[in-house]
Amino acid sequence: MAKEKKARKEEERLPLKKRIVRELVSWGWVVVAFLLIHGTMVQARVIPSESMVDTLLVGDHLLVSRFGYDAEVPFTGLHMKLWRDPHRGQVVVFRAPLPGSPDYVKRVIGVPGDRLEIKRGVVWVNARPLAEPYRHTPPNPRDTLGAITVPPESYFVMGDNRDNSQDSRYWGFVKRDKIKGKAFLIYWSWDGDRHWLRWWRLAHYIP
């Protein structure tokens, strides 16, 4: 009790401005924690397919950052833009283009205004071959796409495992408002075939 009284008196002696700032900081952390838990800033996803091998494996559990994307403010119906638009090379999560399917995870290959073409499996962006160190398979000579231009508010996405990925080559562009966030961390990885934890993939950052 004596310690509580002493702490209360010390608090009362603080200038009003400092007390207000302290309260705002305290409540600020409460709000941030609430937003994280609610999924406004960070969401969790599980990889169900092999379309992003070797970057992502079946059974990887991801954290998806919504910083830089349109996030819904809980209980208000309002949306806020926190940072910036997706850029080429990012691994993003978006609403599936096919009804009834879970969210998709793919890599952004083309952004608005880019002119894309696929020649014998090699992706060309704005008349230059795209360096793709993340690719799981070598270019497939049968993989061809005529020149296209990415329209405004749209993105061209592909899986890293090109021969086993349903992506923009088949169903077209992803609209900006369908993208939910950027995958940035593997926090858990379970190998369902061998029934063991892939411990070496834990806390793996996805650039």
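Computed from the coordinates by the stated procedures, all read-outs in this text should not be read as laboratory data. A quick note: this is a predicted structure, and the numbers were derived from the prediction, not measured. Don't worry about glycine lacking a Cβ; one is built from the backbone with ideal geometry, like all the others, and counts go over all protein chains shown.
Can you give the net charge of the other residues whose Cβ lies under 15 Å from the Cβ of ILE186, counting K and R as +1 and D and E as -1?
Net of charged neighbours comes to 0.
In this label model, ALA131 and GLU153 are separated by 3.4 nm, measuring between points 7 Å along each Cα→Cβ vector. Whole-percent P(r), the stretch 44-205, all Cα pairs, 5 Å bins from 0: 2, 9, 17, 20, 20, 15, 10, 5, 2, 0, 0. Just grab the label-to-label distance for TRP200 and ALA44, each label 7 Å out from Cα along the Cβ direction, in nm (one decimal). For the pair TRP200/ALA44, the computed spacing is 2.5 nm.
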